[in-house]
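Comments concern the structure below.
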Protein chains: 2
Amino acid sequence: MSSAVPVLNFGSMTQVIQFLMEIDKLKSVQRRTKVLGTQRQENSAEHSWHFAVAAFSLAPYASKEVDIQRVIQMALLHDIVEIDAGDVFVYDLSARAEIHDQEVAAAKRLFGLLPEPQREQFTALWQEYEEGSSADARFAFMLDRAMPMLMNLHNQGQSWIENNVSLNQVLERNGVIGDIHPELWQHLLHHLQEAQRKGWLK
Amino acid sequence: MSSAVPVLNFGSMTQVIQFLMEIDKLKSVQRRTKVLGTQRQENSAEHSWHFAVAAFSLAPYASKEVDIQRVIQMALLHDIVEIDAGDVFVYDLSARAEIHDQEVAAAKRLFGLLPEPQREQFTALWQEYEEGSSADARFAFMLDRAMPMLMNLHNQGQSWIENNVSLNQVLERNGVIGDIHPELWQHLLHHLQEAQRKGWLK
């Protein structure tokens, strides 16, 4: 699962430093989406940065109940479980159903490297995100779904074409964005239909 | 400088989406530090994520005057100027002195893609970070300096050895950490001296 990272003494910060060195592995978890205009698949660490900046930049377009700082925190942590559980393509429904238990175990191991109060805080934030149990979590979820669509729309449908994805699949899996941010969804829907006309989506 | 990214209409969000697609290029700016245990240089986007999580995780060890949310925001934005100006190695003093004007121009162009209030907010945060003009900026600066040292200490001195760096250089460039976080610096200093004994630093 993971190669050993040496443990160095940093006094009261030893566990946090160890956690930070362990999560370096997220930089090696590959996604289906490629960096725009390149042939390199993005990894989950750089995606998490992009998602966090998206949350920060789109703050004025979130509803008043959304605390954008908590959305940024969720963006930073949401994929850390993939270090153990791997990234599963959003349109691979059977794999997604199977992976939940692995992600829970991964959260326990990885956030478990931290001392309190960070251990409980990070675990609770990740769970809230996973469950979509707050306005913050739903805004975060919406952005995490929107980012690869935006990347595809600006990259000639790269991961849709490479993975043979249909417009129906995109609408079924992402239509929930319409409930969370109707204005963004309205524009996405228009561009998705254009993408199908261009042959980027089946 | 930059290949053209198509501009799609997203109503009031068009400029922000365009900004987000433009800053995808940070994923292609390479640093000297390699991802732990690999031969791949990390890029400035994944470094920014790592730095932001470090800020979040180390919040309990910051002084009370530090607002960790603003530190996270600085971490997310601090390297975006490198899209135009490039990454300069921390020990390349002549190149660092020359690059400042380019970075100011880059901030103007890149944050200038945003509408208000984000344009002014992001520019001001980046300037505050650059100038070290607040407790938040100094904590952020300290962490940005600490991260590659931590990576090197956990990766057999990789970028120090590859770039022929000496202990004296590290102490001169990073000793300021001792003023900002004496406890972290005390531990780093011990490990840096060990690193020299192992031949990782000249």
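The values are calculated or read from the model by the stated rules, or taken from the named source; none is laboratory data. Remember, predicted model here, so these are calculated numbers, not experimental data. Note that each Cβ is placed from the backbone with ideal geometry, even for glycine, and that neighbours are counted across all protein chains shown. Accessible surface is based on the protein model in full, side chains and every heavy atom, while ligands, DNA and RNA are left aside. Shrake-Rupley method; radii C 1.70, N 1.55, O 1.52, S 1.80 Å.
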List, please: which pairs have Cβ atoms under 8 Å, are six or more places apart or on different chains, and start with a residue in the stretch A:75-91 that is away from every other protein chain (no Cβ under 14 Å) and end with one that is open to solvent by less than 10 Å² (accessible area, probe 1.4 Å) and hydroxyl-bearing (Ser, Thr, Tyr)? A:Asp87/A:Ser44
Can you tell me which residues in the stretch B:50-74 are free of Cβ contacts under 8 Å to residues at least 12 places away in the same chain, within 7 Å of chain A (Cβ to nearest Cβ) and either among the basic types (Lys, Arg) or in contact with a Phe, Trp or Tyr (Cβ under 8 Å, 6 or more places away or on another chain) (or both)? B:Ser57
Given (1) assigned to a helix (DSSP H, G or I); (2) over 13 Å from A:Leu113 (Cβ atoms), index of the condition A:Leu8 fails: (1)
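Is it the case that the stretch A:24-39 has a residue that's assigned to a helix (DSSP H, G or I) and at pLDDT below 95?
No, that holds for no residue.
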Within the set of pairs 6 or more residues apart or between chains, which connect a residue that is more than 7 Å from chain B (Cβ to nearest Cβ) inside the stretch A:9-31 to a residue that is part of a strand (DSSP E or B) and open to solvent by 20 Å² or more (accessible area, probe 1.4 Å) with Cβ atoms less than 8 Å apart? A:Gln30/A:Gln41; A:Arg31/A:Gln41
Taking interchain pairs and intrachain pairs at least six residues apart, which have beta carbon atoms under 7 angstrom, with the first residue in the stretch A:108-131 and within 13 Å of chain B (Cβ to nearest Cβ) and within 17 Å of A:Met21 (Cα to Cα) and the second open to solvent by less than 10 Å² (accessible area, probe 1.4 Å) and hydroxyl-bearing (Ser, Thr, Tyr)? A:Leu114/B:Ser57; A:Gln118/B:Ser57
Of the residues in the stretch B:37-49, those that are within 9 Å of chain A (Cβ to nearest Cβ), on the phi < 0 side of the Ramachandran plot and out of contact with any strand residue (DSSP E or B) (no Cβ under 9 Å at 6 or more places or on another chain) come to B:Thr38, B:Ser48, B:Trp49
Which of the following residues is open to solvent by 10 Å² or more (accessible area, probe 1.4 Å) and not in a loop (DSSP other than H, G, I, E, B): A:Ala97, A:Ala140? A:Ala97
If the Cβ limit is 8 Å and pairs must be 6+ apart or interchain, which residue in the stretch B:155-173 that is more than 14 Å from B:Val35 (Cα to Cα) and open to solvent by less than 50 Å² (accessible area, probe 1.4 Å) pairs with which residue that is among the basic types (Lys, Arg) and in a loop (DSSP other than H, G, I, E, B)? B:Val165/B:Lys202; B:Ser166/B:Lys202; B:Leu167/B:Lys202
Taking A:Pro115 as meeting all but one of (1) in a helix (DSSP H, G or I); (2) open to solvent by less than 20 Å² (accessible area, probe 1.4 Å); (3) over 30 Å from A:Gly37 (Cβ atoms), write down the number of the exception. (1)
